[in-house]
Amino acid sequence: MGNCIPKQDWGTPTGDGFTDISAAPRTNSKVDAPPSNPNEALSYAEHVIGDLLKGDVNDDEQREALQQVAVALRRATADAKNPSREKAANGTTNARLSSHPKDILNKNVGEYISSQFDNSQARPALAQRRKSVQLSENGELITTAAVPTASANRRSVIMRRAGVLPPSIPELEDEEAAELEDMLKNVDSDDEFDVWALDRVTGGNALVMLTWHLLTKVWKSCELLGVNETKLDAWLHRVQQHYVDTPYHNHVHASDVLHLTHVYLRKGLYKRMDDVEIFSLIIAAASHDVGHDGLNNAYHSSRMTDLAIVYNDISVQENGHAHRAFDIMNSHAECNFIDGLERDFTSRFRSLVISNILGTDMVGHKTMITEFETYLNASDDGRDDTVALPSAGFLSKVVLHLADINNAARKWDLAEFWANRCLAEFFNQGDMEKKLELPVSPLCDRSTTDIPKSQIGFIDFVVMPAFVQFARLLPYAQKCVDRLNENKELWKTRDDVSQKAKLMDAHLPYQSVAASA
């Protein structure tokens, strides 16, 4: 296993698979008192887990052995501090990467120990006993993922060791793991990447998987900014759980918006943002609708719900989403992935996330696009760097908002699919408003709303003007403008009766609808 210190230095394995460490050359030879020297403690921890993986032990023995590892790592990292960060010459924030053992505090224990193996050395037994392991702030052991079944394959195990599979997602079967690998290769494509297929393959964990992949593998934000990956995964898991299973505003919609946000960045907008802004934008996209109950702001205000009262009828849902995102982080220590980082960073991060989420309120759409157009006119379509944006973080706010309304600009079958889900949710609200004798919100009355005409109006007055301006800054967005024109013509050929009949299938995943078409 490539130990830093030869195995025999720490004693010899006993018959039960554990190690008799009493013969180890240490001052304190007790099992519950690993060496305090960082390098020795990590070697001790590595050795214990190596024996644990080899031997057949019961749950109590396994728990005791892992507690020993927890103690060893806690001692090795007792004086650890979060990686310091420095401003690079280009204005982006980067982490000073260190190979010192004490930096292991911010890594998943299982991930660190697994890194001591080559992929070719993976053992089938590992798939049967693997657990996601992390340390709490006081050094106690926390298990966050279920033990995989014996059928979990080596490919999935290797993916977790490589950090591709986050701790909170259970091991995948062989076929699923291979499919996931292929999917992630297309993450930069707006047409070839299917968030519904991702959700199926990962067992309903599309949002966790996609956000994790973008932040740890694509943009490497966690590495650059010193963000605790284990706590990030725990936060993502809770955020995904807090999404409600509504027809439209669910965790798959959030994954879709997140993916489009990433595509816009990849097509060139990343050059206009620093690492903190990119990280904040991705976190905001992942959580921008968390807790959405399928009812719009007008409904909450009319009903004087608790949410409307708390936020005084101002961006009721959006304020609620931002609050929930940070409340999860603040209420659960294991989810606070920015805890201990520099105040300047955390303050800016929080400000950007809140601004981005609040920017998804359609009430501010016209003002935002007008300000955007004014900036483009003054800056020669963004080419003049001397012209400032309307406000700090303005561009990231525009990016998230446009990703949120981009459904009308997707390839036709997907545009129609999302439109049907959105209208199904609107009509559910309209039915409730009628029952409560409240004014029915616009587009929410199933008896008077013409679906094709509503989509044509949405394209003409909302989406098209916004993307025409966006294409001035990002040439890739001209594809969206062209798609909008194509889809508008297709909507003209549809009739309302046929479209409303399709709402019967609005609850089905995208693959099922496409397959039955």
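The values are calculated or read from the model by the stated rules, or taken from the named source; none is laboratory data. Just so you know, these numbers come straight off a predicted model, no measurement behind them. No Cβ is skipped: glycine too gets one built from the backbone with ideal geometry, and neighbour counts run over all protein chains shown. Accessible surface is based on the protein model in full, side chains and every heavy atom, while ligands, DNA and RNA are left aside. Shrake-Rupley method; radii C 1.70, N 1.55, O 1.52, S 1.80 Å.
Using only the heavy atoms of the protein chains and a 1.4 Å probe, how would Glu489, Glu229, Glu437, Glu175 rank by accessible area, largest first?
Sorted by accessible area, descending: Glu437, Glu175, Glu489, Glu229.
What net charge do the residues around Val463 carry, taking every other residue with its C-beta under 14 Å from that of Val463, with Lys and Arg at +1 and Asp and Glu at -1?
+1
With a ≥ b ≥ c taken as the square roots of the eigenvalues of the C-alpha gyration tensor of region 327-469, please select rounded if a/c is under 1.5 and otherwise prolate if a/b is larger than b/c or oblate if it is not?
oblate
What dipole magnitude, in Debye to the nearest 20, does region 187-360 give about its Cα centre under +1 on Lys/Arg Cβ and -1 on Asp/Glu Cβ?
260
Using the charge dipole of region 187-360 (Lys, Arg: +1 at Cβ; Asp, Glu: -1 at Cβ; taken about the Cα centre), state which of His262, Ser347, Val239 has its Cα farthest towards the positive end.
Looking along the dipole axis, the top candidate is Ser347.
With a/c under 1.5 counting as rounded, go ahead and sort region 146-246 into rounded, prolate or oblate using the C-alpha gyration tensor (a ≥ b ≥ c being the square roots of the eigenvalues; past the cut-off, prolate if a/b is larger than b/c, else oblate).
In terms of gyration-tensor shape, rounded.
Could you tell me which residue out of Met273, Thr216, Gly359 lies farthest along the dipole of region 187-360 toward its positive end? Charges go on the beta carbon: Lys and Arg +1, Asp and Glu -1, centred on the Cα centre.
Farthest towards the positive pole: Met273.
Contour minus end-to-end for Lys411 and Glu437, with contour as 0.36 nm per residue of separation and end-to-end as the Cα-Cα distance?
5.5 nm
Give me log10 I(q)/I(0) at q = 0.11, 0.17 Å⁻¹ for region 187-360, Debye formula, one equal scatterer per alpha-carbon, no solvent.
Once normalised to I(0) and log-transformed, intensities are -0.45, -1.07.
Residue separation times 0.36 nm, minus the C-alpha to C-alpha distance between Val497 and Asn312: what's the value?
Computed gain between Val497 and Asn312 is 62.7 nm.
At a 1.4 Å probe radius, carbon and sulfur cover how many percent of the accessible area of region 150-222?
Summing carbon and sulfur atoms, their accessible area is 46 percent of the total for region 150-222.
Going by a ≥ b ≥ c, the root eigenvalues of the Cα gyration tensor, does region 432-496 fall in the rounded group (a/c under 1.5), the prolate group (a/b larger than b/c) or the oblate group?
Judged from the Cα gyration tensor, region 432-496 comes out oblate (a/c at least 1.5, b/c at or above a/b).
Considering only the other residues whose Cβ falls under 14 Å of the Cβ of Ala254, what net charge follows from Lys and Arg at +1 and Asp and Glu at -1?
Summing Lys/Arg as +1 and Asp/Glu as -1 gives -3.
Where only protein heavy atoms count, and the probe is 1.4 Å, what is the accessible area per residue for region 366-517 in Å²?
Ligands and nucleic acids excluded, the result is 47 Å² per residue.
Calculate what fraction, in whole %, of the accessible area of region 254-394 sits on carbon and sulfur atoms when a 1.4 Å probe is rolled over the protein chains.
After summing per-atom areas, the C and S share lands at 47 percent.
Can you give the local net charge around Lys479? Use residues other than it whose beta-carbon is closer than 10 angstrom to its beta-carbon, Lys and Arg +1, Asp and Glu -1.
-1
Say the cut-off is 22 Å between C-alpha atoms; which of Lys217/Lys267; Lys397/Lys488; Lys453/Lys502; Lys366/Lys411; Lys185/Lys231; Lys435/Lys488 go over it?
From Lys217/Lys267; Lys397/Lys488; Lys453/Lys502; Lys366/Lys411; Lys185/Lys231; Lys435/Lys488, over 22 Å: Lys397/Lys488; Lys366/Lys411; Lys185/Lys231; Lys435/Lys488.
Using only alpha carbon pairs under 8 Å that are at least six residues apart, calculate the relative contact order of region 187-360 and give it in whole percent.
Worked out over region 187-360, it gives 26 percent.
So if R0 is 22 Å, what FRET efficiency would Thr367 and Asp460 give, r being the distance between their Cβ atoms, rounded to the nearest 0.05?
Rounded to the nearest 0.05, the efficiency is 0.70.
Which sequence of Asp313, Asp188 reflects their accessible areas, 1.4 Å probe, from the largest down?
Asp313, Asp188
Could you work out how far the C-alpha centroid of region 361-426 sits from that of region 488-504, in angstrom?
If you average the Cα positions of each part, the centres end up 26 Å apart.
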